[in-house]
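The values are calculated or read from the model by the stated rules, or taken from the named source; none is laboratory data. Remember, predicted model here, so these are calculated numbers, not experimental data. Backbone-built Cβ (ideal geometry, glycine too); neighbour counts: all protein chains shown. SASA here: full protein model, heavy atoms, side chains in, ligands and nucleic acids out. Shrake-Rupley method; radii C 1.70, N 1.55, O 1.52, S 1.80 Å.
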Amino acid sequence: MTRRNISDAISNISNRHIEEAADFQIGKKGVRKHFIMRRAVAAAATIMLVFTMSVPALAAADYEPAYNLLYKVSPTIAQKLKPVRMSCEDNGIKFEVISAYVEGSEAKIFISAQDIDGDKIDETTDLFDSYSINTPFDCSSSCENISYDTKTKTATFLISISQWNEQDIIGEKITFRVSEMLSNKQEYDMVLSDLDMNNISTAPETVTPTHIFGGSGTNYSEVENNFRALKATGILYSPVEGVDITAMGYVDGDLHIQVRYENVLKTDNHGYIYFQNNEGEKITCNANVEFSTDSEYQERYVEYIYDLSDIELAEYDAYGYFVTSDTLITGNWSVTFPLEMVSP
C-alpha cells in the first residue's frame, strides 16, 4: 500500500466523522466550540511515543476495539497498524494513544479513554472542550467521539490537527492534555407545550449584564454592544431537568426568551428554542447572548432573540432542543509524542 492510499483511506474517516469547527469568538469563555489554539512548545514530556505502520497485530496485541474500528475503514491499514500501547492513568481512567498518521500539514490521531474501575464512560462521553494540544506551531484542531465499546468500557476519539500556514508538521512533538470529560448526556427535541406564548410582556424590565461570555447568530454583532437582558422573573417553565425558562418579553419589537442552564460549567447543559408550524417551516433566533447578572458569574443565562415582525406567532408552536449531562469526570491526563511520517 502506498502512502497516498493510506492518506485517502484516512481522509474517508475525516469526511464521515469530523464536523466543521463551530464558530466562536476568541477570548469569550463559556461558549461551546471546537476550538482553535495557539500554543508554545510543549513543556516536559511525560510519555514519548514513536508510531510505525509495519507490523500486523492489533488483534494479537489484545486491542480488539481499535482493530475492529480501523478494519471497517481499511482492512489493509488495520492489518499493518502496530498499536503504540503507551498510556497514562488518573482517576480510574486510562488514556492511550493508539496510532497516528501525518502527511504534510495534516495529522490524524486515534486516542482511547477506558474506564478501568467503574462505569463513568459511555457512548456519549466527550472531552468537554477541556483538551489542549500544545505544539510548536499555530494550529486548529477538532475532536470527535467515533466509537464506544461496551465490553471494555472504552471510548475512541479521532483528533484532527491542521497547521495554519500549511507547512509540514512531520517530526514535530505535540502534547495532548485532558482535564475533564462529560458522560451520561441526554438529548431532547420537544414541543414546549406548557410554555404560555399568549401573555408575553411588551414592556419587560431589563438589566445590564455583569459579563457577556459570547453568543452567535446573524445579528449578534449588532446586539452585543447595547445588549440589555430581561430581568429573570422566576421559573416560567422547566422543559427538562437542568433547563429553566426564566423570562420572556418584547424588547424594541423583538421577542426575547431567556433560559438558565443549571450548573453549566460542570454539566455543559445547552440548547436552543425555535418555532415551527404545521407545514414544517421553522423560525430560529437571529441572535443569542450568553451572560451573567451576578459578580461571581455563577448565574448564567442565554437569551434568544427573534425578529417576528412578519410572522403570525399563533400559527407556530414553540420547540426546544436541549442537551444535558450529569456526570463530570476530572483528572490530569497528558501524553507527549512526535508526529512521524507513515512509511509507504
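When the range 135-149 is filtered for residues that are touching a Lys or Arg at 6+ places or on another chain (Cβ under 6 Å) and surrounded by fewer than 19 Cβ atoms within 10 Å (Cβ to Cβ), only 138 remains.
Looking at the range 144-232, the strands (runs of 3 or more DSSP E) lying wholly inside it that each contain 2 or more residues that are among the charged types (D, E, K, R) sit at 173-191. Scanning the range 263-298 for residues that are in a loop (DSSP other than H, G, I, E, B) and either under 22 Å from residue 195 (Cα atoms) or without any contact (Cβ under 8 Å) to a residue 24 or more places away in the chain (or both) yields 263, 269, 277, 278, 279, 280, 281, 284, 285, 286, 296, 298. The residues of the range 150-163 that are surrounded by 18 or more Cβ atoms within 10 Å (Cβ to Cβ) and within 18 Å of residue 94 (Cα to Cα), listed by number, are 153, 154, 155, 156, 157, 158, 159. Scanning for something open to solvent by less than 40 Å² (accessible area, probe 1.4 Å) and part of a strand (DSSP E or B), does the range 313-321 turn up at least one residue? Yes - at least one qualifying residue is present in the range 313-321. Go through the range 202-232 and give me each residue that's open to solvent by 50 Å² or more (accessible area, probe 1.4 Å), within 18 Å of residue 247 (Cα to Cα) and of a type in the set (Ser, Thr, Tyr). Listed by number, the residues that qualify are 202, 208, 210.
Tell me yes or no: at least one residue of the range 287-295 is more than 24 Å from residue 227 (Cα to Cα), among the hydrophobic types (A, V, I, L, M, F, W, C) and open to solvent by less than 20 Å² (accessible area, probe 1.4 Å). Explain how you work it out, then say what you get.
First, pick out the residues of the range 287-295 that are more than 24 Å from residue 227 (Cα to Cα): none.
No, that holds for no residue.
For the range 179-201, a tally of residues being open to solvent by 30 Å² or more (accessible area, probe 1.4 Å) and touching a helix residue (DSSP H, G or I) at 6+ places or on another chain (Cβ under 8 Å) returns 1.
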